[in-house]
Amino acid sequence: MPLAHRLQQWLFRLRRDETLPIVLGQRRIFILPTGAGYLFAVVLAVMLLGAINYTLSLGHALVFLLAGLGLAAMVHTFRNLLGVEITPGRAAPVHAGETARFPIHLRNLRDDARRALGFRFADGDEVFTHLPARDNARVDVPCPAPRRGRLDPGRLTLATRYPLGLFRAWSYPYPRLSCLVYPAPTHRPLPPPTAVDDPGFARGDAGH
């Protein structure tokens, strides 16, 4: 096993989830600033230097107000994933070359709605859904199925940038998912049947 893969497994705890439903606790959620978040921090630093240089009390107040807004956004981004319950569904069979869709059932036990939840597999496109307060939802996550056999989509990535896009919080649910992939049907017409000459059959038929 490559060292980078081992490090990723140790750092992000990439192990199969045997117990269902999967509940996202604090130890399973990771958060970092986005590109917009780093730019926001640089702008605040420049504004703070200008306020200090020109002794602007209103400048200090604006910088600290915006910094507090950024910290509040970080907390809300983290809490947008905290406590979400995930239960995998059963995927319908597909043909090779098509896209398999894995149903994921979500449950929200809090009084706050969960917004802009993005789901994706490593080889698939990201899909978004909204989870109302004290309610359930379902999202079908796509994954390409290039070859026949049993498809294992791998770990699932659940991420959000709500509410301001300054931070990205994500988690790696890893339930046991699989989908049966049939061989791709042929689109070419079958060759027409050819007549087979049977001399014995012809002589027997002529005798009657």
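The values are calculated or read from the model by the stated rules, or taken from the named source; none is laboratory data. Predicted, not measured: the structure shown is a model, and the values here were computed from it. Virtual Cβ from ideal backbone geometry, glycine too; neighbours counted across all protein chains shown. Side chains are part of the model used for accessible areas, which takes the heavy atoms of the whole protein and leaves out ligands, DNA and RNA. Shrake-Rupley method; radii C 1.70, N 1.55, O 1.52, S 1.80 Å.
Here's the yes/no breakdown for (1) open to solvent by 60 Å² or more (accessible area, probe 1.4 Å); (2) under 13 Å from the mean Cα position of the chain (by Cα):
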position: R120; (1), (2): yes, yes
position: E126; (1), (2): yes, yes
position: N136; (1), (2): yes, no
position: P146; (1), (2): yes, no
position: Y162; (1), (2): yes, no
position: F167; (1), (2): no, no
position: T186; (1), (2): yes, no
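Quick check on F78: is it more than 30 Å from S178 (Cβ to Cβ), touching a residue at least 40 places away in the same chain (Cβ under 8 Å) and surrounded by 14 or more Cβ atoms within 10 Å (Cβ to Cβ)? So F78 fits the description; yes. In the range 169-186, which residues are assigned to a loop (DSSP other than H, G, I, E, B) and over 15 Å from T87 (Cβ atoms)? Result: Y172, S178, P183, A184, P185, T186. Is it true that L131 is among the hydrophobic types (A, V, I, L, M, F, W, C), at pLDDT 95 or above and surrounded by fewer than 18 Cβ atoms within 10 Å (Cβ to Cβ)? Against the criterion (among the hydrophobic types (A, V, I, L, M, F, W, C), at pLDDT 95 or above and surrounded by fewer than 18 Cβ atoms within 10 Å (Cβ to Cβ)), L131 does not qualify.
The test for being at pLDDT 95 or above, under 27 Å from P33 (Cα atoms) and of a type in the set (S, T, Y) does not hold for T87. Whether a residue is surrounded by 14 or more Cβ atoms within 10 Å (Cβ to Cβ), among the charged types (D, E, K, R) and at pLDDT 75 or above was assessed, and R176 does not pass this test.
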